[in-house]
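**Student:** Sharing a structure here in C-alpha cells format.
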Amino acid sequence: MYPPAQKRRRGPASFIIAIIVAGALIVGLRVLFSGTDAGGSASSGGSSGSEGSSTGRTACGGDGVTLNVVASSEKAAVLSTIADAYNAREAGGRCAEVVVTSKASGDAMQALARGWDTRRDGLKPDVWTPASAGWVSLLQQRVAGTDRPSPVPADNPTIATSPLVIAMPEPMADALGWPSKKIGWTQILDLANDPKGWAKYGHPEWGPFRLGKTNPNYSTSGLNATIGAYFAATGLSGDLTKQDVANAKTRKFISGMERSIVHYGDISLTFLSNLQRADDSGTAMSYISAVTIEEKSVWDYNQGNPSGDPKTLGQHAKPKIPLVAIYPSEGTLLSDHPYAELAGLDPAKKATADDFLTYLRSEGGREFAKYAFRSFDGKAGDLITAENGLDPAQPATTLSVPAPAVLDEILKSWGELRKPANVLMVVDTSGSMGADVPDTGKSKLDLAKQAAINALSQFGPNDKVGLWTFSLNQDGAKDYRELVPLKKIAENELTDRIGDLIPNGGTGLHDTALASYQNVMSRRSDDTINAVVLLTDGKNEDNNSISLDDLLPDLDTEAGQDTVRLFTIAYGADADLDVLKRISQTTDAAAYDSREPGSIDRVFTAVISNF
C-alpha cells in the first residue's frame, strides 16, 4: 500500500507557468492529442486536431456561399490547406468558400444519428467526410429503427485512401522477421499471450507485448483494427455474420488480443505523441510495442510530426527509432474517406459541394499525396516507399466493412470483451466551480456533474469506478475526500453521489493528484487499465502542498514498468492547461481541453473512451 500524500512546505514556485496553449475542442481529438481519426480534445505536444475552422469567412465577402465541411481529424488540417487554395472560386455562379471543422468520425456519427445539436456538437455540416465508410454504415443502422431518414446517402465518393496497419518500432518488427516474414493478428495474439513477452524473441529488456488501439466507438483506426481482428479470428475475408461474431472461438481470440491493450482512447495521436516523447528520452522501446494506425500516420510519425498537421511539419526532429508498417497477413481495411453531402442542401450549397468534390479529386489529390495519403482510387504515391517504412505493394488482401447489423454486433461484442478498467474519478469542487455559465442557467459544477453522470454509461459490468472530490481541507488537513471507493458500479450510487456535490473552498491540485495516483497504484492489476480522471477549473492554491517540481518525479515510473495513467481535464478559462499537460504526460496519459465550459459533455465522453 502506498501512504497518503503528505503535505510538504515549499517556497515560491520555481518556474513561471508557460503560455496556455490555444486549441479548440474535440472530440476532435485526439492532441492537443489528435491525429489518426480522433476527436481532438486531448492535449499533448501542443498540436491541435480539435474543432476549428480552417479559415475565416472572408474570401467571398458577404456575397458568397459558405460550405461547412466536418472532417475526420487525421485529414482535417490537409483538407483545410486544400480549402484555402480552393476558396474564392466560382461554383454555380457564386463565389465559393469552404470552412473545415475537425471532429472524430464516431462523435460526428453519433451527433448525426441523434439529430445535430449545434450547442453540443458544434457547427452543423453541409458535407461530412469521416475516415471510413464504416461510420456511414453505422449511421444507417442507428437511424434504421427511427422515423427519421438517414441524413446522408449510403454510398458516397471517396476523396483519399489509407490502409490500416500495425505500426511497430523497427527493431521490434525486425525481431518478428519483418519484412520477409508474413505477420498478422494471429502472430500478435501469440506474442501478447506469451508470458515470456519479448524474451521469446531474445529481448527480455522490452518487457511484455503492449498494444495501443483506440476505442472503436470513436476512432476509425480502432474500428478498423477491431473489424480486422474479428475477420482474423474467423479466418474469413468477407461475408462476416452475426453468428461468426458470437462464436466462442472468435470471442476467445478477441478477448486474448484485448488483454495486451495499454489503454484505449478517442485518438491514436495519444500513443504517437507519448512515443515521440519516449523516443526523445531514449526509452521508445519500453513504451509500446505496436499501435494500430493508418499507413499515412506512420509517415507522419517518422517525419517527427505525429499530428499530421502541415503547419507543424519540420518543427521536431525525426525519431531515432522509426516506425514501420505491418500489413496484417489476414487482410486489412482501407480508410476510404467518403465525401457525404447532407440531404436537403439548397441549390447554391449543392453546387459548391459538387464543385469542391471535383477539386478534391483533381488538384486536391496532389496535396493529399504530399502527406502520404493514397489516391481516391487507391494508388500509392511517391512517399509510400520502403525507405519510409511503407510498402506500395501492400495490402495483399483488402477487407470490406461488414453489413451494418453485423458491424453493430461487433461493437456490442467488443464492449463485452474489452479490457476492464479501474478508474478513479476526481472532481474539483472548489468555490469557483459554482460560477454561472452564460446562456445555460447552470453553474460550471452543474454542467460537470451532468457530463460525469452521462459518461458513466460507457463503463461496463467488469469495470471498477471510484469517486473523490477535492478543494482545500476536505478531510482534516487533506485536500481530497473519498466518496466512493474503487468498486464495481452499484446502480445509482455514483449518480447520486455525483449529483450531491457542492462547491466550496480553494483548489488543492498537487496533493490530490499525488494521492489519487497512489491510491489507484496500490490497487492496480495487470489485467486492467488503471487510471485517474481528474477535472479542475483552476490551479494549485494550497501553499503548503507538494510543489510541481516534486510532484512530477513522484508520478514517474521507470521505463517499461506498468503505471497508473492520470488523465486530466482543464475545465474553464482559469484552468492551468500547461501544468495539467505536464502531469498527464508524466504518466503517459493525455490532458483534455474543456476551457469552454459548454464543451464538457463531449470532453468527458472522450476521456472515458480511454477505458
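**Student:** Across the stretch 250-264, which residue is surrounded by the fewest Cβ atoms within 10 Å (Cβ to Cβ) among those that are out of contact with any Lys or Arg (no Cβ under 7 Å at 6 or more places or on another chain) and either hydroxyl-bearing (Ser, Thr, Tyr) or more than 20 Å from residue 407 (Cβ to Cβ) (or both)?
**Tutor:** The initial filter retains those residues of the stretch 250-264 that are out of contact with any Lys or Arg (no Cβ under 7 Å at 6 or more places or on another chain), namely 250-257.
Narrowing the set further to residues that are either hydroxyl-bearing (Ser, Thr, Tyr) or more than 20 Å from residue 407 (Cβ to Cβ) (or both) leaves 250, 252, 255-256.
Working: 250: 24, 252: 13, 255: 16, 256: 17.
So, considering only residues that are out of contact with any Lys or Arg (no Cβ under 7 Å at 6 or more places or on another chain) and either hydroxyl-bearing (Ser, Thr, Tyr) or more than 20 Å from residue 407 (Cβ to Cβ) (or both), the one surrounded by the fewest Cβ atoms within 10 Å (Cβ to Cβ) is 252.
**Student:** With respect to the numbered conditions (1) touching a Phe, Trp or Tyr at 6+ places or on another chain (Cβ under 8 Å); (2) closer than 30 Å to residue 300 by Cβ, which one is the sole condition not fulfilled by residue 268?
**Tutor:** Unmet for residue 268, out of (1) touching a Phe, Trp or Tyr at 6+ places or on another chain (Cβ under 8 Å); (2) closer than 30 Å to residue 300 by Cβ: (1).
**Student:** Let me ask something additional. Could we say that residue 455 is among the small types (Gly, Ala, Ser), outside any strand (DSSP E or B) and in contact with a strand residue (DSSP E or B) (Cβ under 7 Å, 6 or more places away or on another chain) here? Explain how you work it out, then say what you get.
**Tutor:** Numbers: among the small types (Gly, Ala, Ser): yes; outside any strand (DSSP E or B): yes; in contact with a strand residue (DSSP E or B) (Cβ under 7 Å, 6 or more places away or on another chain): no.
The answer is no for residue 455.
**Student:** Tell me yes or no: at least one residue of the stretch 96-111 is among the polar types (S, T, N, Q) and in a loop (DSSP other than H, G, I, E, B). Break it down into steps so the answer makes sense when it comes.
**Tutor:** Quick first cut of the stretch 96-111, residues among the polar types (S, T, N, Q) only: 101-102, 105, 110.
Next, only the ones that are in a loop (DSSP other than H, G, I, E, B) stay: none.
No, there is no match, as no residue in the stretch 96-111 is among the polar types (S, T, N, Q) and in a loop (DSSP other than H, G, I, E, B).
**Student:** Answer with yes or no whether residue 171 is modelled with pLDDT of 95 or more, out of contact with any Asp or Glu (no Cβ under 9 Å at 6 or more places or on another chain), within 26 Å of residue 377 (Cα to Cα) and surrounded by fewer than 23 Cβ atoms within 10 Å (Cβ to Cβ). Before you say what the answer is, go through the steps one by one.
**Tutor:** Numbers: modelled with pLDDT of 95 or more: yes; out of contact with any Asp or Glu (no Cβ under 9 Å at 6 or more places or on another chain): yes; within 26 Å of residue 377 (Cα to Cα): no; surrounded by fewer than 23 Cβ atoms within 10 Å (Cβ to Cβ): yes.
No, not satisfied.
**Student:** Next question, about the same structure. Within the stretch 466-475, identify whether any single residue is buried (at least 19 other Cβ atoms within 10 Å of the Cβ) and outside any strand (DSSP E or B), and answer yes or no.
**Tutor:** So in the stretch 466-475, the residues buried (at least 19 other Cβ atoms within 10 Å of the Cβ) come out as 466-472, 474.
Those still in the list that are outside any strand (DSSP E or B) too: none.
No: the stretch 466-475 contains no residue that is buried (at least 19 other Cβ atoms within 10 Å of the Cβ) and outside any strand (DSSP E or B).
**Student:** Give me a count of the residues in the stretch 515-529 that are of a type in the set (A, V, I, L, M) and closer than 13 Å to residue 261 by Cα. Show your work before the answer.
**Tutor:** Within the stretch 515-529, the subset of a type in the set (A, V, I, L, M) is 515, 520-521, 529.
From what is left, the residues that are closer than 13 Å to residue 261 by Cα are 529.
The qualifying residues number 1.
**Student:** Quick one: what pairs do we get from the stretch 499-516, first residue buried (at least 19 other Cβ atoms within 10 Å of the Cβ), second part of a loop (DSSP other than H, G, I, E, B) and among the aliphatic types (A, V, I, L, M), C-beta under 7 Å, 6+ apart or different chains?
**Tutor:** 510/546; 511/5; 511/546; 514/5; 514/546; 515/5
**Student:** Only one of (1) crowded, with 17+ Cβ neighbours inside 10 Å; (2) more than 23 Å from residue 127 (Cβ to Cβ); (3) not basic (Lys, Arg) fails for residue 313. Which number is that?
**Tutor:** That leaves (1) as the condition not met.
**Student:** Further question on the same structure: Could you grab me the full set of residues in the stretch 574-588 that are touching an Asp or Glu at 6+ places or on another chain (Cβ under 7 Å) and more than 20 Å from residue 435 (Cβ to Cβ)?
**Tutor:** Result: 586, single match.
**Student:** Could you list all residues from the stretch 584-604 that are among the hydroxyl-bearing types (Ser, Thr, Tyr) and crowded, with 24+ Cβ neighbours inside 10 Å?
**Tutor:** Taking the stretch 584-604 and keeping what is among the hydroxyl-bearing types (Ser, Thr, Tyr), we get 584, 586-587, 592, 594, 599.
Matches in the stretch 584-604: 584, 592, 594, 599.
**Student:** Name the single residue that is farthest from residue 237 (Cα to Cα) among those in the stretch 404-440 being of a type in the set (D, E, K, R) and surrounded by 23 or more Cβ atoms within 10 Å (Cβ to Cβ).
**Tutor:** Initial filter on the stretch 404-440 (of a type in the set (D, E, K, R)): 408-409, 412, 416, 418-419, 428, 436, 439.
Cutting the leftovers down to surrounded by 23 or more Cβ atoms within 10 Å (Cβ to Cβ) gives us 418, 428.
Details: 418: 23, 428: 49 Å.
Only one residue tops the list, namely 428.
**Student:** Is at least one residue of the stretch 321-335 farther than 18 Å from residue 212 by Cβ and out of contact with any strand residue (DSSP E or B) (no Cβ under 6 Å at 6 or more places or on another chain)?
**Tutor:** Applying the first criterion (farther than 18 Å from residue 212 by Cβ) to the stretch 321-335 yields 329-331, 334.
Within this subset, residues satisfying the condition of being out of contact with any strand residue (DSSP E or B) (no Cβ under 6 Å at 6 or more places or on another chain) are 329-330.
Yes - at least one qualifying residue is present in the stretch 321-335.
Here's the yes/no breakdown for (1) within 27 Å of the chain's Cα centre (by Cα); (2) in a loop (DSSP other than H, G, I, E, B):
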{"position": "383", "(1), (2)": "yes, yes"}
{"position": "387", "(1), (2)": "no, no"}
{"position": "396", "(1), (2)": "no, yes"}
{"position": "433", "(1), (2)": "yes, no"}
{"position": "446", "(1), (2)": "yes, no"}
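**Student:** A follow-up question, please. Among the residues of the stretch 352-403, which ones are more than 23 Å from residue 135 (Cβ to Cβ), surrounded by fewer than 16 Cβ atoms within 10 Å (Cβ to Cβ) and not assigned by TED's automatic domain parsing to the domain that holds residue 139?
**Tutor:** Passing the criteria: 379, 382, 385, 386, 387, 392, 393, 396.
**Student:** Still on this model: Pairs please, first residue from the stretch 350-367 and within 17 Å of residue 93 (Cβ to Cβ), second anywhere and in a helix (DSSP H, G or I), Cβ atoms under 9 Å, 6+ apart in sequence or on different chains.
**Tutor:** That search, which allows pairs on different chains as well, returns 355/86; 356/82; 356/83; 356/86; 356/364; 359/82; 359/85; 359/86.
**Student:** How many residues are modelled with pLDDT of 95 or more, in a loop (DSSP other than H, G, I, E, B) and touching a strand residue (DSSP E or B) at 6+ places or on another chain (Cβ under 8 Å) when one looks only at the stretch 546-574?
**Tutor:** 0
**Student:** Might you check whether a residue that is within 23 Å of residue 446 (Cβ to Cβ), over 23 Å from the mean Cα position of the chain (by Cα) and assigned by TED's automatic domain parsing to the domain that holds residue 425 occurs anywhere in the stretch 522-539?
**Tutor:** Checked the stretch 522-539: at least one residue is within 23 Å of residue 446 (Cβ to Cβ), over 23 Å from the mean Cα position of the chain (by Cα) and assigned by TED's automatic domain parsing to the domain that holds residue 425.
**Student:** Return a yes/no flag: does the stretch 525-537 have any residue that is in a helix (DSSP H, G or I) and either modelled with pLDDT of 95 or more or in contact with a Gly (Cβ under 7 Å, 6 or more places away or on another chain) (or both). Don't jump to the end; show me each part of the working.
**Tutor:** From the stretch 525-537, those in a helix (DSSP H, G or I) are none; that's our starting set.
Checked against the condition, which is being in a helix (DSSP H, G or I) and either modelled with pLDDT of 95 or more or in contact with a Gly (Cβ under 7 Å, 6 or more places away or on another chain) (or both), the stretch 525-537 yields no hits at all.
The values are calculated or read from the model by the stated rules, or taken from the named source; none is laboratory data. Only a predicted model underlies this, so the values are computations on that prediction, with no experimental measurement involved. All Cβ positions, even for glycine, are placed from backbone atoms using ideal geometry, and neighbour counts span all protein chains on display.
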